1. Consider only pairs whose beta carbons are under 8 Å apart and that are at least six residues apart or on different chains; among these, list those whose first residue lies in segment 73-98 and is hydrophobic (A, V, I, L, M, F, W, C) and whose second residue is part of a helix (DSSP H, G or I) and modelled with pLDDT under 90.
2. Looking only at segment 7-28, decide whether some residue is polar (S, T, N, Q), free of Cβ contacts under 8 Å to residues at least 40 places away in the same chain and outside the structural domain of residue 170 (by TED's automatic domain parsing).
3. Scan segment 124-146 residue by residue and report those that are of a type outside the set (Gly, Ala, Ser) and without any contact (Cβ under 8 Å) to a residue 12 or more places away in the chain.
4. Could you figure out which of (1) part of a helix (DSSP H, G or I); (2) under 29 Å from residue 175 (Cα atoms) isn't true of residue 6?
5. Restricting attention to segment 147-173, and to residues there that are among the aromatic types (Phe, Trp, Tyr) and in contact (Cβ under 8 Å) with a residue 24 or more places away in the chain, which single residue is farthest from residue 79 (Cα to Cα)?
6. Please enumerate the residues belonging to segment 101-123 that are among the small types (Gly, Ala, Ser) and free of Cβ contacts under 8 Å to residues at least 60 places away in the same chain.
7. Which of (1) closer than 21 Å to residue 2 by Cα; (2) of a type in the set (D, E, K, R); (3) in contact (Cβ under 8 Å) with a residue 12 or more places away in the chain is the odd one out, the single condition residue 68 does not satisfy?
8. Just the residues that are buried (at least 16 other Cβ atoms within 10 Å of the Cβ) and either without any contact (Cβ under 8 Å) to a residue 24 or more places away in the chain or over 25 Å from residue 164 (Cβ atoms) (or both), please, taken from segment 38-65.
Amino acid sequence: MSLKPQLEAIIYAAETPITLDQMIPLVKESVLAEAPEIDPIEIRARVRAAVEELIADFSNAAHGIEIRQVAGGYRMSTKPEQHDVVRAFAKSLKPPFRLSLPALETLAVIAYKQPVTVPEISEIRGVDSGGVIATLLDRKLIATAGRKAVIGRPILYKTSKDFLLRFGLKDIHELPSMEEFEKLLAASFQSDLLAAETAPVQSISEAATTDDHSRVEESDEEDSAEASEELSESVERAETPTGTHNQ
């Protein structure tokens, strides 16, 4: 049996990114059936070459999905140009993954300043961040990274493998620029705000006059703009150095 179709099926069926080390035992017999005398190094080389061929095949514009390296393994994902239609489909199936504005701010600081301590995060955000850290740990988006060698030895935090999976990143070096990340977080928060306010705004508009309805919409737009501005300021503060971290 051809190696490429087997690997394609394995990558497609895997719930999480699958590594070469995981795939090789699954297809080893097929490789040996075609070349009984090859050694383990050659088997690995053939599997890797077949995966690279699959990546090239799916990069063709005729395909709506691609095979990417994510968090140390391979997985299939939709191509960026198909994200709008896939996002619409996903929203029709289940509520999207959401975080509060404080959680988004804190996650942004950790992503770009890691490893970082809670006092350092709180200094950048301007508010206490202890409670938000617990939420992000519970969501498995961050993890501990030892302790900082200063008085009190505070715990250091970094983004987790689940963070890479959630955002589809190979590693933290694939993080977008601060400006792009700021826009991403602002858009996410605005979506939450609009979803939460849709029902009450519709109810008000049915009972109010045209003038009252206009005032409600203006108020909502102002609140959304203020929230976005707060998020922008917080992410911008994350660009300011806070001291030397243990790397």
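The values are calculated or read from the model by the stated rules, or taken from the named source; none is laboratory data. What you are looking at is a predicted structure, and each value in this text was computed from that prediction instead of being measured. Backbone-built Cβ (ideal geometry, glycine too); neighbour counts: all protein chains shown.
1. 97/166
2. Initially, segment 7-28 is screened for residues polar (S, T, N, Q), giving 16, 19, 22.
Within this subset, residues satisfying the condition of being free of Cβ contacts under 8 Å to residues at least 40 places away in the same chain are none.
There is no residue in segment 7-28 that is polar (S, T, N, Q), free of Cβ contacts under 8 Å to residues at least 40 places away in the same chain and outside the structural domain of residue 170 (by TED's automatic domain parsing).
3. In the first step, residues of segment 124-146 are kept if they are of a type outside the set (Gly, Ala, Ser); the result is 124-125, 127-128, 132-133, 135-142, 144.
If the condition is that a residue be of a type outside the set (Gly, Ala, Ser) and without any contact (Cβ under 8 Å) to a residue 12 or more places away in the chain, then 128, 137, 138 are the ones that fit.
4. (2)
5. Taking segment 147-173 as the starting set, the residues that turn out to be among the aromatic types (Phe, Trp, Tyr) are 157, 163, 167.
Keeping just the survivors that are in contact (Cβ under 8 Å) with a residue 24 or more places away in the chain gives 157, 163.
On the way: 157: 31, 163: 19 Å.
Per the criteria, the residue is 157.
6. First pass over segment 101-123, keeping only residues among the small types (Gly, Ala, Ser): 103, 108, 111, 122.
Selection gives 103, 122.
7. (1)
8. To start, the set of residues in segment 38-65 that are buried (at least 16 other Cβ atoms within 10 Å of the Cβ) comprises 43-44, 46-47, 50-51, 54, 58.
Across segment 38-65, the qualifying residues are 43, 46, 58.
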